[in-house]
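Worksheet: one structure, shown below.
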Amino acid sequence: VAVGESANNSVEGIQIPAPITFPGNGQFRVRLLHAVPDVDMVDVYFTAPDVDLGTVAPAATLDYKQFTDRVEFPTGTWQVRITPMGVPGTVLFDSGSLQFPPGRDLLVGVVKNTGIGSSPVSLVLDNGLNQPQVFDRSTGAEARVLHFSPNTPAIRVTADPATEGSADVDLTA
């Protein structure tokens with residue numbers, strides 16, 4: 001795995017051994033990696049959704065370039081949260097609810113958030129085939145709606161009106 005930043009020529013490789021084995025029946029497996037040079041030691045929590053972090057131990061405490069052994073969890077819905085080490089009340093990242101199917105073997109990288117949102121980190125879930133990125137659940141989204149059909153009458157596009165800050169958008173040809 002390459003970590004570091006090309007802007008300051010600090011990119012380097014980390015070798016993470018990954019012998020081919022499979023998770024137990026009804027389990028998924030993760031290996032956690034801290035890959036953000038300017039974020040100090042963090043606690044990473046894998047919990048059922050909305051569990052009070054003050055009542056559970058982190059799955060891992062990691063410094064930059066550290067990674068864990070593989071850890072197995074029961075298949076199901078989980079929430080991943082990251083806090084500064086020893087400060088469970090200060091959540092730097094919150095995935096919201098994530099569904100993990102059985103048999104998955106993931107390298108979960110805590111990476112620098114280079115997208116939108118205020119969280120300093122996001123997650124990359126490497127399953128060996130692709131690397132989807134998971135952003136903090138408070139990260140907003142931007143959408144643009146265009147009406148290009150000159151033969152269609154005016155249309156009305158409605159964003160979720162129950163969402164604060166969301167507005168109806170009237171578009172005309």
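Rounded to the nearest 20 debye, the dipole magnitude of segment 1-148 is 340 debye, with +1 charges on Lys and Arg beta carbons, -1 on Asp and Glu beta carbons, and the Cα centre as origin. Remark: the chain carries 60 Å² of accessible area per residue (probe radius 1.4 Å; ligands, DNA and RNA excluded).
Taken one residue at a time, the phi angles of segment 26-35 give Karplus couplings (6.51, -1.76, 1.60, θ = phi - 60°) of x, 10, 10, 10, 10, 10, 9, 9, 8, 10 Hz. Gly and Pro are set to x. Applying the criteria of a DSSP loop state and at most 16 other Cβ atoms within 10 Å to the GluC sites (Glu not before Pro) of segment 1-79 yields Glu5. Taking Cα Rg over 2.2 N^0.38 Å as calculated from this structure, the corresponding entry among (1) 1.06; (2) 1.27; (3) 1.12 is (2).
Segment 23-39 and segment 46-99 have Cα centres lying 10 Å from one another.
Quick one: pull the percent of accessible area on the chain belonging to carbon and sulfur, 1.4 Å probe, ligands and nucleic acids left out. Of the solvent-accessible surface of the chain, carbon and sulfur hold 53 percent. For segment 55-139, the square roots of the Cα gyration tensor eigenvalues, ordered a ≥ b ≥ c, give a/c below 1.5, which places it in the rounded category.
The values are calculated or read from the model by the stated rules, or taken from the named source; none is laboratory data. Being a predicted model, the structure only gives us computed values, none of them experimental. With ideal geometry, Cβ positions are generated from the backbone for all residues, glycine too; neighbour counts draw on all protein chains shown. For accessibility, only protein heavy atoms count, side chains too; no ligands or nucleic acids. Shrake-Rupley method; radii C 1.70, N 1.55, O 1.52, S 1.80 Å.
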